[in-house]
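The values are calculated or read from the model by the stated rules, or taken from the named source; none is laboratory data. A quick note: this is a predicted structure, and the numbers were derived from the prediction, not measured. Heads up, the Cβs are rebuilt from the backbone with ideal geometry, glycines too, and the neighbour counts pull from every protein chain shown. The accessibility values were calculated without ligands, DNA or RNA, using every heavy atom of the protein model including side chains. Shrake-Rupley method; radii C 1.70, N 1.55, O 1.52, S 1.80 Å.
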Amino acid sequence: MKKKILVATERPFAKLAVQGILDVLDEAGYEMVLLENYKDQGDLKKAVIDAEALIVRSDLVTKEVIAAADNLKIVVRAGAGYDNVDLVSASDKGIVVMNTPGQNSNAVAELALGLMVYMARNQFNGTSGTELRGKRLGVHACGNVGRHVAKVALGFGMEVYGFDPYIEKSAFEYAGMKCVDSAEELYSICQYVSVNIPAYEDTIKSINFELLAKMPEKARLVNTARKEVIDEDSLLKMFSERPDFIYISDVAPDCVNEIAERYPGRFFFTPKKMGAQTSEANINAGIAAARQIVGFLKDGDNTYQVNL
Ligand code: 3PG
């Protein structure tokens, strides 16, 4: 019997990506089972019971999902952030968890710059706006997405600064960024800040009022990472104390209603997470996920494992 590989995407991949995944798995002699647009975690729990491998996007792979999976060897999150997967439960059961770093970074970076242009041009309402050229952009965390953001921003003629304590200084120069030594310094000198930090225990709510208040006049915060990394009390305080502040995010914070009611025109939030929602990103991440599964199940290749 063929090994079953479950592709569970509450928000489906583009059709071409699904075909690409199918081709890779088919060639390897595996059976792909597709669970798209599901609305209930119960559906995922049922579908995962006999799967050897699981490909997901932002779908929640909870303790309960893992407990239901009797044959599961590997979960690949087709994307960058793996905060949707319960790593502890997976590790306890000996299940390998991987992501597909870099595969959707360009899509996220293009969205970040697109959002910045949209707000700089007053949401295309016909009034006179501003340009990005010559403005300072701070890239907060300079992994794959941050470096792509820098590359696109440099094309717009922005002056790009980066902060990332985990990256060698030489890598900033290579990416065309000026390296600064602290988040405080980054926020102090940049009118625009692009948030690219992952959601870890120590980064959740780490962007607080102290940091935001350092931003120069006409501050624009662009978040294409996770809403959870922003401290929302601080966000509301920033809106209230700094009338020049604009927040742009993929997706809306929990306090969206309060912001919408009190600060019209000073925010834009995508209705659904859209950073990686391109055909190209779906194809890149989906096919990479399928190949990683084949590599792992056939050869034990655990490159990109995140639950070491
Ligand atoms: C990621 O972490 O890769 C992005 O947030 C994209 O997630 P998605 O594939 O669920 O849109």
query: residue 291 versus (1) open to solvent by 50 Å² or more (accessible area, probe 1.4 Å); (2) farther than 21 Å from residue 51 by Cα; (3) not assigned by TED's automatic domain parsing to the domain that holds residue 201: which is the lone unmet condition?
result: (2)
message: Among the residues that make up segment 92-99, is at least one of them open to solvent by 20 Å² or more (accessible area, probe 1.4 Å), away from the ligand (no atom under 14 Å from the Cβ) and not in a helix (DSSP H, G or I)?
response: yes
- prompt: Name the residues in segment 270-283 that are open to solvent by 70 Å² or more (accessible area, probe 1.4 Å) and more than 12 Å from the chain's Cα centre (by Cα), would you?
  reply: 271, 272, 280
query: Can you tell me which residues in segment 75-91 are more than 14 Å from residue 285 (Cα to Cα) and open to solvent by less than 40 Å² (accessible area, probe 1.4 Å)?
result: 84, 85, 89, 90
message: Just to be sure before I move on: is residue 227 on the phi > 0 side of the Ramachandran plot and either within 14 Å of the chain's Cα centre (by Cα) or at pLDDT 95 or above (or both) in the structure I sent?
response: no
Residue satisfying all of: in segment 234-264; out of contact with any Phe, Trp or Tyr (no Cβ under 7 Å at 6 or more places or on another chain) and either within 15 Å of the ligand (Cβ to nearest atom) or in contact (Cβ under 8 Å) with a residue 24 or more places away in the chain (or both); nearest to residue 111 (Cα to Cα) among these: 250
task: Check off (1) open to solvent by 50 Å² or more (accessible area, probe 1.4 Å); (2) over 22 Å from residue 251 (Cβ atoms); (3) part of a loop (DSSP other than H, G, I, E, B) for residue 173 and give me the number that stays unchecked.
output: (3)
- prompt: Filter segment 176-198 for residues that are touching a Lys or Arg at 6+ places or on another chain (Cβ under 7 Å), open to solvent by 40 Å² or more (accessible area, probe 1.4 Å) and not acidic (Asp, Glu); which is nearest to residue 212 (Cα to Cα)?
  reply: 188
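The rows are residues; the columns are (1) of a type in the set (Gly, Ala, Ser); (2) surrounded by fewer than 19 Cβ atoms within 10 Å (Cβ to Cβ); (3) over 22 Å from residue 273 (Cβ atoms).
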residue	(1), (2), (3)
5	no, no, yes
11	no, yes, no
18	no, no, no
24	no, no, yes
38	no, yes, no
48	no, no, yes
55	no, no, no
59	no, no, no
Qualifying strands (runs of 3 or more DSSP E) (wholly inside segment 1-84; at least 2 residues being more than 16 Å from the ligand (Cβ to nearest atom)): 4-9, 31-36
statement: Scanning segment 153-164 residue by residue, those aliphatic (A, V, I, L, M) and surrounded by fewer than 21 Cβ atoms within 10 Å (Cβ to Cβ) turn out to be 154
